[in-house]
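Inspection log for the structure reproduced underneath, given as structure tokens.
Throughout, read-outs are computed from the coordinates displayed, never taken from laboratory work. All figures in this text were calculated on a predicted structure; none of them were measured in a lab. Neighbour counts run over all protein chains shown; Cβ positions are idealised from the backbone, glycine included.
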Amino acid sequence: MKQDALRSVADLARVGFISEAARPELEKVSGRYAISITPEMAALIDPADPRDPIALQFVPDARELEQGRGESPDPIGDGAHSPVEGVVHRYPDRVLLKLLHVCPVYCRFCFRREMVGPGKPQSLTPQALDAAMAYIAAHPQIWEVILTGGDPLAMSARRLGDVFGRLRQIAHVKIVRIHTRVPAVDPGRISDELIEVLRNCGKTVYVALHANHPRELTASARSACAKLIDAGIPMLSQSVLLKGVNDNVETLAALMRAFVEMRIKPYYLHHADLAPGTAHLRTSIEEGKALIKALRGHVSGLCQPTYVLDIPGGHGKAPIDPDLSQSSGGGWRIEDFRGRSHDYDDPASAPPIR
Ligand SMILES: *Cc1c(COP(=O)(O)O)cnc(C)c1O
Ligand code: SF4
């Protein structure tokens with residue numbers, strides 16, 4: 001029989017993930033932010049280890065009630081770029097389509113934590129979906145639709161098939177990208193029926209897997225991803241840099257290598273967004289830059305994600321490149337993987353004025 005996800009403070013106390021003493025504070029957290037830990041992820045948690053990297057991602061913490069400096073309910077400014085409900089159109093050639101606000105797990109660092117979970121609108125109403133599709137159809141510059149949420153693969157294969165059936169009618173949409181945690185946190189959902197839907201949807205589909213620690217990539221997660229890739233669906237990774245979870249070179253290298261071994265190309269490493277109550281999980285940019293530098297050159301180029309910051313206020317993502325800076329002479333100063341600096345006087349740039 002399939003086990004249920006852990007969804008309440010009482011569930012977490014029952015399995016020993018939290019102490020009795022912590023319950024009253026965590027009930028307050030649970031009143032604000034949803035809790036869910038799938039059996040697959042629960043099985044990875046060592047209740048005896050207070051610093052368990054899987055627990056840190058999914059087990060609530062009283063510090064979530066603290067408002068940190070700069071934190072905001074809409075940290076990356078989705079609201080400012082939402083022309084119709086469910087659509088975020090920040091960049092010219094691609095939109096986010098947020099079909100539902102439900103996830104199989106609720107991450108404690110989630111940048112949409114004010115929008116997802118029980119008690120929030122669960123999914124787009126049929127009318128809202130009509131309006132979203134009409135918006136995409138009316139904007140021929142939209143080349144790519146990115147399904148996000150919530151977790152789009154928390155929907156049934158049948159409902160996802162309906163959405164694809166409608167996207168199929170929009171000829172200018174060539175790419176559908178699905179951002180999901182499902183293949184790792186609930187691999188059983190990667191069913192033959194879902195594979196058929198994705199294989200026959202008439203668009204080029206990419207799946208971007210969100211995972212943050214190599215332990216999440218279990219044997220069943222690996223077979224779920226292999227099933228997608230064997231069906232001709234390329235996969236990318238995205239991870240969030242999280243304090244205590246993956247903010248050391250060994251863990252990051254192991255995570256990126258595991259992705260590559262699974263035929264998943266590392267794509268983004270996100271600097272943690274300024275979501276409310278997440279300061280205890282956030283590193284500094286300086287730490288992030290040092291980690292990226294340590295990966296570069298020492299670990300295969302296949303294993304290098306782009307380290308990105310989503311600029312608060314809705315200005316979009318920007319890569320954080322630790323190696324390149326303008327030199328005083330007007331050229332470029334670039335550091336190699338051993339930390340030695342080199343000047344590059346770009347011959348194609350304008351000559352210095354004398
Ligand atoms: C992150 C994001 C995308 C996707 O950006 P890529 O750089 O193409 O991965 C698209 N639209 C919005 C609004 C985003 O926040
Ligand atoms: S799966 Fe994504 S949307 Fe859902 S809680 Fe985690 S980070 Fe947020």
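If you find the alpha carbon centre of region 4-49 and of region 287-354, how far apart are they in angstrom? Each part reduced to its Cα centre gives a spacing of 41 Å.
For residue 178, the residues whose amide H sits under 5 Å from its own are 147, 206, 207, 208, ignoring neighbours fewer than 5 places away on the same chain, with H placed 1.01 Å from N.
Provide the FRET efficiency to the nearest 0.05 for the residue 166-residue 298 pair, computing r from the beta carbons and using R0 = 41 Å.
Details: r = 46 Å, r/R0 = 1.13.
That pair, residue 166 with residue 298, gives E of 0.35.
In what sequence, highest mean first, do 217-226, 251-260 appear when ranked by Cβ atoms within 10 angstrom?
Working: 217-226: 18.0, 251-260: 20.6.
Descending packing order for the listed peptides: 251-260, 217-226.
For region 37-82, the list of GluC sites (Glu not before Pro) that fall in a loop by DSSP and count at most 15 other C-beta atoms within 10 angstrom reads 66.
What dipole magnitude, in Debye to the nearest 20, does the chain give about its Cα centre under +1 on Lys/Arg Cβ and -1 on Asp/Glu Cβ?
Details: 42 positive and 42 negative charges, 123 e Å.
Result for the chain is approximately 600 debye, rounded to the nearest 20.
In straight-distance terms, cross-link reach from residue 293 covers every one of the aspartates and glutamates whose alpha-carbon lies under 15 Å from its own, apart from those fewer than eight places away in the same chain; here that gives 247, 250, 321, 323, 335, 336.
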